[in-house]
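Before any comments, here is the structure.
Each reported figure results from applying straightforward, stated rules to the coordinates on display, with no laboratory input. Note that the structure is predicted; figures quoted are calculated from it, not measured. When we count neighbours, we look across all protein chains shown, and the Cβ atoms used for this are built from the backbone with ideal geometry, even at glycine.
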Amino acid sequence: MENMRAFQFRGVQLDLARQMETLDFIFGFIDFIEKSGYNTLVLYLEGRIKTKSFPYPVEGEYYTPEEMKDVVSYASRKNIDVIPVVSVLSHAELFLKHNEMKHLSEIRGDAKSTLEETINHVFCPSLPETFDFIKNYLLEIAAIFTSKYLHAGCDEVWDFGCCSLCRDRVHNGESTGDIFAKYITGVYDFAKNELKKEMIVWDDLFESYPLALEKIPCDIILCCWNYDRCVDLPKAHFKSRLEEDLLAKYEKMGFRYIFAPSTYYVANIESFTDYALKRKPLGGLLTVWEKSLNFMHEVMPLVHYSGGLWSGKDISFNDAMKEIFGCEDKLFLHALRSNYEIKGTHPIRLSPLSYLAGPLTEFEAVIKSSSETLHDIFNLYLDKSRNDGARNMIEDILVSLEWKKIMFKLRAVVEELYSFGEKCPDMAKRKKITSEAAEMIDEFIKKKLDQWKRFRKGISSAKTEKRFFEFKNKILELSESSLKAAGVLRVKFFLPDMYNAQKCAFHIEFEDGSTEKVAEGIFKNYELNDAYFIYKFPYYTNKRPMAIKIESWLYGGMGIAYFEVVSPEACYVPVCVRDVKGNVQSPQHILNNDLRFCYLGETDMSALFQIPELTKRKHGVTLVLGERQEE
Ligand SMILES: [Zn+2]
C-alpha cells in the first residue's frame, strides 16, 4: 500500500434493518470503530425506528427514538458521527410490509412487480401521500440524529414505473429517469430547507438514468458502492458491468462522493481504496450487509483494517491483525488473509436447488479444500485468543467455515441421491445418508442458536431459526422426492453477469403430448466466479421426453450452453431446434456440449429500466430431443 492520506469521512455501516443488534453490542461497536480510526457510524435502518408517524412495527422489531438518541449521544462522546440510512424510495420492505402502508407501494392496484416478488419494496414516487409520509418520518428521524448528513438510500429500485400513475406520466412524455430525478430532488429540497441536512444517496440507479444525474442538484453526495474483488475501474451493476472512471466523472460534474467497499473480500477494500486515492473522495464507507444468518464478529478484523487504512496510517493487513489478535504467527496471519479472500458473497446458501448442481466446479473445489485447511488452522488458535473479543471473532470465523464444509457435504449427498443407474444408492444407504445430513444441519443450527444467545441476547432468533429449519425440511424433501423422480434435466448455463436478474422456466414435452414444468427461477452460480454452471432439475413424469421448451424474461438475458435429460433408462440430448420466439441468439449452439451458448432475452439492462414492460416479454426456444447413442 502506498503512503496513505487520511480521508475526511471515515465510515462503517451496521445493517440493523435485516437483523437487529443489542444496544450493548452497538455501544461496544462504537468503542471498537473509534479505536480503529473511524469518525462515522452509518446505521442502515430502512424503517427500523418506530415513531408517531410510523407506529406499526410490533414488539421486538424496532428501536425507539430514545434508544437511538442514546446511541447518538454515546457515539458523540467518542467523536463518532451517526448517520441514519432511511429508505425514501426503494428497499422500503420494513415500511411496506405493514398493511397500513401498502397503499404507498408502487405495486398496488393492477401493477405487477417486475421482479415478480410478493414483497413490496418500492414506494410510489408519484403519490403525494408517499411524499407526505416521508416528510413526516424524516422530521422525526432528523430530531434523533444530530449529524449534518442524511442518507436516503435509493439503490436497486427494481419496481419502478409500474403503477398506473407512474405509467401515465411516462405516456405523457416523462421518462422513468425524470420521475426518479424529480422525486430525489423533492426529498433533497425538504432535507436541505426544512431539516438542514445534506443528502447522501447510493449511485447505482444513475447507471440506467445518466440524464437524471444532470437534473439533480450537485450538492447531493453520491455513495459509490462496488463489491468486486478487484476494482481497477468501478464496474456498473445493472448495466452489463460497464467499466468507467466513475469517480472522475462525478468530480467533473461537481458532485462530492464517497466510495463504498464491503467486507466480502479484503482485496475489494484494498483495490477500491487504491483507486479512490487517485481521485478526491470525501471518504470511504465500509458497508457491512445482512447478518441475519451470521454475526458481526467474523468481519470485525476487516472493519479494523479499513479504519486504519483510511485514517492515514501506513498499515498493512498483517499489522491490523496483530493489533486485534496480538498474535504474530505467520500461519495465523496468512490464514486470516486467505479467509477474507475466499469468503465470497453468499456464505450461507439456503436454496436447496443449488445443492443439485452436479460435480464441484474448479473454483468450488478450491474453496472446499481451502475451507477445510483454514478450519483446522483456526481451531489451533481458538484457545490462544488474548481476550473474549478476539475469541468471538475466531469462533465466528470457524462457524462460517463449518457451514462451508456442510454445504459441500450436502452437495455430495444430494448428488448421490439423484444419481441413476449403477451408482444409485439402495434404500438402506439412502436412509443413512439422509439422516446423517439432517443430523449435520441440526447440529449446526444448535451451534448458531448458542451463538445467538450470547451475541444477540434478548433479540428474537425466531426468523433465523425458521429459515434454517425450512432449509433442513427442503433438503429432506429433496431427498424424499429423489425416489419418485423419473430423471433430471441437467442444464449448463452461461451467465458472466451475476447482477442479472433473469428468470428461466424449463418445460419437458412427453411422447403423449403432456408437459411438465420442471423449474422456474433466477439461476446463478452462487460462488460468482464461473460464467458456466450447472443445475439439475428433477422431473416426475415416467414417459419418454420428446422436447424441451425454455422460456426466459426479466433483467438482462441468460445463456444456455447445453442440456440433457438423464433417466435410469436413457440419456436424451437436443438434436434440432424446433422454434424460437423473441430475442434468441444462436439457438443451434445448444446442440453441442461445448462452450458456445444460445442467448435468450433483452441484454440492454438500461432499456429494461427505462421501459419496465420489456421485462415481461418472454423469449423462448424449443428443442427436439433424441436418445444419445453410445459410441
Ligand atoms: Zn407509481
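Place +1 on the Cβ of every Lys and Arg and -1 on the Cβ of every Asp and Glu in the chain, take the dipole about the Cα centre, and give the residue among Leu302, Ser435, Asn392 whose Cα lies farthest towards its positive end.
The residue sitting farthest along the positive end of the dipole is Asn392.
Taking R0 as 25 Å, what's the FRET efficiency between Ser316 and Asp388 from their Cβ-Cβ distance, rounded to 0.05?
Working: r = 26 Å, r/R0 = 1.03.
My answer for the efficiency is 0.45.
Calculate, in nm to one decimal, what Asn172 and Asp232 gain on full extension: separation in residues at 0.36 nm each, minus their alpha carbon distance.
17.5 nm
Based on the Cβ-Cβ distance of Glu251 and Leu380, what FRET efficiency does E = 1/(1 + (r/R0)^6) give at R0 = 56 Å, to the nearest 0.05?
0.70
Give me the mean projected area, in nm² to one decimal, of the convex hull enclosing the Cα positions of the stretch 336-481.
Computing the convex hull of the Cα atoms and averaging its projections yields 9.9 nm².
At a 10 angstrom cut-off on C-beta neighbours, averaged per residue, how do the peptides 268-278, 151-161 rank from highest to lowest? Walk me through the intermediate numbers first.
Values: 268-278: 19.8, 151-161: 23.9.
Per-residue Cβ counts within 10 Å, averaged per peptide and sorted highest first, yield 151-161, 268-278.
If r is the Cβ-Cβ distance from Lys52 to Glu470 and R0 is 41 Å, what FRET efficiency results, to the nearest 0.05?
0.70
How many angstrom separate the Cα center of the stretch 8-41 from the Cα center of the stretch 116-139?
After rounding, the separation between the Cα centres reads 28 Å.
Using unit Cβ charges (K, R positive; D, E negative) and no other charged atoms, how large, in debye to the nearest 20, is the dipole of the chain about its Cα centre?
Values: 82 positive and 93 negative charges, 118 e Å.
Here the chain has a charge dipole of around 560 debye.
Please get the size of the charge dipole for the stretch 81-143, origin at its Cα centre, with Cβ charges of +1 on Lys and Arg and -1 on Asp and Glu, quoted in debye to the nearest 20.
Value, rounded to 20: 80 debye.
I'd like the trypsin sites (Lys or Arg not before Pro) in the stretch 145-192 restricted to DSSP loop residues with at most 13 other Cβ atoms within 10 Å, sorted by number.
For trypsin sites (Lys or Arg not before Pro) across the stretch 145-192 that sit outside H, G, I, E and B with at most 13 neighbouring Cβ atoms in 10 Å, the list reads Lys148.
Residue separation times 0.36 nm, minus the C-alpha to C-alpha distance between Arg5 and Lys192: what's the value? Each step should come with its number before you reach the end.
On the way: separation 187, 0.36 × 187 = 67.32 nm, distance 3.03 nm.
Between Arg5 and Lys192, full extension yields an extra 64.3 nm.
Along the charge dipole of the chain, which of Ala181, Ala260, Val88 sits closest to the positive end, that is, farthest toward it, with unit charges on the beta carbon of Lys, Arg, Asp and Glu (+1, +1, -1, -1)?
Going by the charge dipole, the pick is Val88.
Assuming 0.36 nm per residue, please report the length gained on full extension of the stretch Ser481 to His103 beyond their Cα-Cα distance.
Full-extension gain reported as 132.0 nm.
Just going by the charge dipole of the chain, with Lys and Arg at +1 and Asp and Glu at -1 on Cβ, which of Leu293, Trp452, Ala191 is farthest out on the positive end?
Trp452
To check you understand DSSP bridge types, tell me what percent of the beta bridges within the chain (both residues inside) are antiparallel, rounded to 5.
65
Cut-off is 10 Å between beta-carbons; in what order do His589, His121 appear when sorted fewest neighbours first?
If I rank by nearby Cβ atoms, fewest first, I get His589, His121.
Which far-off residues, 5 or more places away or on another chain, put their amide H under 5 Å from the one on Asn593, with H placed in the peptide plane?
Sorted by chain and number, the residues that satisfy this come to none at all.
Take the alpha carbon atoms of the stretch 601-631, find their center, do the same for the stretch 286-360, and report the distance between the two centers in whole angstrom.
What the calculation gives is 37 Å, centre to centre.
Would you please name the GluC sites (Glu not before Pro) within the stretch 211-258 that are DSSP coil residues with at most 14 other C-beta atoms within 10 Å of their C-beta? Don't skip to the end; give the middle numbers.
Working: sites: Glu214, Glu243, Glu244, Glu251; in loops: Glu244.
Counting only loop positions with at most 14 other Cβ atoms within 10 Å, the GluC sites (Glu not before Pro) in the stretch 211-258 are Glu244.
By its C-alpha gyration tensor, with a ≥ b ≥ c as the square roots of the eigenvalues, how is the stretch 414-498 shaped: rounded for a/c under 1.5, else prolate for a/b larger than b/c, else oblate?
The shape class here is oblate.
For the stretch 487-627, take N as its residue count and report Rg(C-alpha) divided by 2.2 N^0.38 Å. Please list the in-between numbers first.
Numbers: Rg = 14.6 Å, N = 141, 2.2 N^0.38 = 14.4 Å.
Taking the Cα Rg and dividing by 2.2 N^0.38 Å, one obtains 1.01.
Classify the stretch 460-518 as rounded, prolate or oblate, taking a ≥ b ≥ c as the square roots of the eigenvalues of its Cα gyration tensor: rounded when a/c is under 1.5, otherwise prolate if a/b is larger than b/c and oblate if not.
Numbers: a/c = 2.80, a/b = 1.35, b/c = 2.07.
The shape class here is oblate.
How large is the convex hull of the C-alpha atoms of the chain per residue, in Å³?
Looking at the chain, the number lands at 163 Å³ per residue.
Would you mind checking Lys404/Lys536; Lys457/Lys524; Lys432/Lys466; Lys431/Lys549 for any pair whose Cα atoms are more than 31 angstrom apart?
Over 31 Å apart, Cα to Cα: Lys457/Lys524; Lys431/Lys549.
Cα centroid distance between the stretch 177-214 and the stretch 253-273, in Å?
Using only Cα atoms to place each centre, the spacing works out to 21 Å.
Would you grab the residues whose amide H sits under 5 Å from the one on Tyr149? Only those 5+ places off in sequence or on another chain, please, with H modelled 1.01 Å from N.
Glu198
Could you give the dipole magnitude of the stretch 411-525 about its Cα centre, charging the beta-carbon of Lys and Arg +1 and that of Asp and Glu -1, in debye to the nearest 20?
980
So which trypsin sites (Lys or Arg not before Pro) in the stretch 1-106 end up in coil per DSSP with only 13 or fewer other C-beta atoms within 10 Å?
Within the stretch 1-106, the qualifying trypsin sites (Lys or Arg not before Pro) (loop, at most 13 other Cβ atoms within 10 Å) are Arg5, Lys52.
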